1. Quick one: how many residues across the range 175-205 are among the aliphatic types (A, V, I, L, M) and either touching a Ser or Thr at 6+ places or on another chain (Cβ under 6 Å) or under 16 Å from Met217 (Cα atoms) (or both)?
2. Which number in (1) assigned to a loop (DSSP other than H, G, I, E, B); (2) surrounded by 15 or more Cβ atoms within 10 Å (Cβ to Cβ) marks the one condition that Gly209 misses?
3. Can Tyr345 be described as closer than 30 Å to Ala252 by Cβ and without any contact (Cβ under 8 Å) to a residue 40 or more places away in the chain?
4. Among Tyr323, Tyr314, Tyr276, which is open to solvent by 20 Å² or more (accessible area, probe 1.4 Å) and under 22 Å from Ile182 (Cα atoms)?
5. In the set Leu40, Leu71, Leu48, which member is among the aliphatic types (A, V, I, L, M), in a helix (DSSP H, G or I) and at pLDDT below 95?
6. Return yes or no: is Glu284 of a type outside the set (Ser, Thr, Tyr), within 30 Å of Leu321 (Cβ to Cβ) and open to solvent by 30 Å² or more (accessible area, probe 1.4 Å)?
7. Among Asp112, Asp80, Asp66, Asp32, which is among the acidic types (Asp, Glu), in contact with a helix residue (DSSP H, G or I) (Cβ under 8 Å, 6 or more places away or on another chain) and not assigned by the TED database to the domain that holds Asn236?
8. Any chance the range 221-239 includes a residue that's open to solvent by less than 10 Å² (accessible area, probe 1.4 Å), closer than 24 Å to Gly343 by Cα and modelled with pLDDT of 90 or more?
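The values are calculated or read from the model by the stated rules, or taken from the named source; none is laboratory data. It should be emphasised that the depicted structure is a prediction, and the values quoted were computed from it without experimental measurement. Methodologically, a virtual Cβ is constructed for each residue, glycine included, from the backbone with ideal geometry; neighbour enumeration extends over all protein chains shown. Only protein heavy atoms, including side chains, enter the accessible area calculation; ligands, DNA and RNA are left aside. Shrake-Rupley method; radii C 1.70, N 1.55, O 1.52, S 1.80 Å.
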Amino acid sequence: MAAHQEKKTEERKRKSTHNDTRTQWGRAWEVDWFSLASILFLLMFAPLIVYYFIMSCDQYQCSLTDPVIDLLTGNKHLSDIWNKTPTLSYRAAGIYTLWVTFQVVLYMFIPDFCHKFLPGYVGGVQEGAVTPAGVVNKYQINGLQAWIITHVLWFANAYYFHWFSPTIIFDNWIPLLWCANILGYVVSTFAMIKGYFFPTNAKDCKFTGNFFYDYMMGIEFNPRIGKWFDFKLFFNGRPGIVAWTLINLSYAAKQQELYGQVTNSMILVNVLQGIYVLDFFWNEAWYLKTIDICHDHFGWYLGWGDCVWLPYLYTLQGLYLVYHPVQLCTANAVGILILGLIGYYIFRMTNHQKDLFRRTNGNCKIWGKKPEYIECSYMSVDGTKFYSKLMTSGFWGWARHFNYTGDLMGSLAYCLACGFEHILPYFYIIYMTILLTHRCLRDEHRCLSKYGKDWKRYTAAVPYRLLPGIF
C-alpha cells in the first residue's frame, strides 16, 4: 500500500512538474512590443553584422572604422565594396555540401564507440530532460567521436594524402559564408513549416500568431526527422562547433603559408579554443540539460545562428591573426595562457559542483565539506507544493553564476592574444559579456517567479551575480 501511494505521489509530482514547466519553459506565448522590435532588428541586421566583420578583414585589414569613413567621405560607394566581395562559387558550394553531408553521416550512421574505452566519458544513447509536454527524448551522443574522426582525416590529408590544401577554409571563407547563410535560412524556414504542418510533437509547439517572432524563436521544441536526427543537437554541435577547430587550423596554415611561421598568439588561440570545443563534446550528454535544449525552441535564432553566427564570429581572433600576425613576448603569452586555463578550470569545476550537488541531492562534499544550501519551495499549477535546494557552497557561494565568470575569463584570453591594435578581435568578449549578463537576468527573473521569497533569501546569502564584491 505504501509503495502504491509513493508511486502515485511520484506520478502526481511528475505531471504537475510538467504543467508547471509548461508555463515557465521555452519562449513566450505572447509577444510584447520590445521583444518584437528586438526580433526585427536581429533579423534585419545580424546577417549584415557578420558580413561587415568578414568584409572588413578581407578589404580593410580588419579595420571596423575605415569602411564607414570611406562611405561617409565618398571615397567609396556601397557598390564598390559589394563588387569586391567574392561571390558564391561552385567550388565553395561543393565543399560545404560535402562537409554537411559528412557530418550528417557521422551523426546518424556511426554509433558511438568512444564511451566503450574512454573512462568517464558518457556517450551512446542518452535521455534528455523532460519537455513541457512530458516527453523524454533519446539522443545519440557521438559528437566527440565525430570530432576525432574529422580531425584525424584533416591531419592525415595535411601530412599524407594532400587531397586539398589545409588553407582551403580560409581561401574560400566568403563564398562559404553564402553557403552557410543558405543552409541557415533553409533549415529555419523548414523548421517553421514543419512546426505548422507536421510537428514531431504538437503538444510541445508554441504559436504566438506573430510570424516574425515564431520564425525567429521557433515553434517546435524538439523538431526531429525520424527517430534520431534532432535539429537542435545536430546544428549546434555539428557542423558548427566541429568546424570551429578546423577553421582555426586553416587560419594557422594560412599564417604558415604567408609568413613562414605560425605565431605563438595563433597557437594560443588554437589551444584555448580547442580546449573549449573538446570540453563541449566531452560533456555533450550534460549539454542535454542546458538552457539550449531545455528551454529554447528551434527557429532562426538557433538554425541560422549555429550555421553562420557561431562559426564566423566565434573565430574572429584566428582570422584577425592571419592579417595581423602577433608574436607575443614570453611573459605575455604565459600570462594569457594562465588566464585562459584558470577561466576554463573555474567554468568546468563550477559546473561540476552543481552537477554533483544535484545528482546526490546535497549528500556530497564540496571543497572537503558538506555543502550548504537554502531549502526552497514552489507551487505547481495544480497547487502541489514541491521543494528544491539552492547551493551556497563552493564557487556557488562566491557568485550566483560563477560558471559564466570562468567562461568570460577564457573569452578574454582569446582576445588578449591578438594585442591591442584593433577592436575587431574583442568583439567576442563584448558579445559574450552581453549574452551572459542577459542570460543571468533572464534566469533570475524565472527563478524569482518560481521561488518568490525563498529566492530573495538565496540572493541575500549569495549577493553577487558574476564578480564577487562588484556585480
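1. 5
2. Only one criterion in (1) assigned to a loop (DSSP other than H, G, I, E, B); (2) surrounded by 15 or more Cβ atoms within 10 Å (Cβ to Cβ) is unmet by Gly209, namely (2).
3. Values: closer than 30 Å to Ala252 by Cβ: yes; without any contact (Cβ under 8 Å) to a residue 40 or more places away in the chain: no.
When the stated conditions are applied, Tyr345 does not pass them.
4. Details: Tyr323 fails: under 22 Å from Ile182 (Cα atoms); Tyr276 fails: under 22 Å from Ile182 (Cα atoms).
Unique residue meeting the criteria: Tyr314.
5. The match here is Leu40.
6. It is false that Glu284 is of a type outside the set (Ser, Thr, Tyr), within 30 Å of Leu321 (Cβ to Cβ) and open to solvent by 30 Å² or more (accessible area, probe 1.4 Å).
7. The unique qualifying residue is Asp66.
8. no
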